[in-house]
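Every read-out reported here was derived from the displayed coordinates using simple, explicitly stated rules and does not represent laboratory data. From a predicted model like this one, the values you see are computed outputs, not experimental measurements. Cβ: placed from backbone, ideal geometry, glycine included. Neighbour counts: every protein chain shown.
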Amino acid sequence: MDFVYTEQQVRDVSDFLQLYMKKNNIPFLTADECAQALADASILTNTKGPKMGFNFREMLRQCRDGVFNNQVSGAYQRKPGARWKISYVG
């Protein structure tokens, strides 16, 4: 499956998540929690791919792999293959 995102989508996702965490006083979210928040806000679907949240994790992988100039702010993995966390960066 090919999931093609745009630089604008990456910016929108990043901006939304940072604002969401600020408004709700949340220091960090898991990728699944982010995927659900993005789906609830109709920013990025949560149901394509083999399991829930696949779309968001695929966007994170593409950012990590240099497909985009932008990154999702606060997103990190301790090592490739580890679970993603997204931190509020203020």
Handout entry: Residue exposure sequence - Met52, Met21, Met59 - by fewest surrounding Cβ within 10 Å
Key = Met52, Met21, Met59
Problem - In Hz, Karplus ³J(HN,Hα) per residue of the stretch 31-46 (6.51, -1.76, 1.60; θ = phi - 60°; x = Gly, Pro) - result: 4, 5, 5, 5, 4, 5, 4, 5, 5, 4, 8, 6, 9, 8, 5, 10
Fill in the blank from the handout: Residues other than Asn69 with Cβ under 14 Å of its Cβ, Lys/Arg counted +1 and Asp/Glu -1, net out at 0
Exercise for the section: Rounded, prolate or oblate: pick one for the chain, where a ≥ b ≥ c are the square roots of the eigenvalues of its C-alpha gyration tensor, a/c under 1.5 means rounded, and failing that, prolate if a/b is larger than b/c, else oblate. Expected result: rounded
Completion exercise
Listing Phe56, Phe68 by rising number of other beta-carbon atoms within 10 angstrom, fewest first, gives Phe68, Phe56
Handout entry: 10 Å Cβ shell holding at most 15 others, DSSP loop, trypsin sites (Lys or Arg not before Pro): longest site-free stretch of the chain
Key = 1-47
Practice task
Kindly put Val13, Val89 in sequence by how many other C-beta atoms sit within 10 Å of each C-beta, fewest to most.
Solution key: Val89, Val13
Handout entry: Sum of -39500 (n - 2.57) over DSSP H runs of 4+, divided by residues of the chain (222 nm, nearest 500)
Key = -13500 deg cm²/dmol
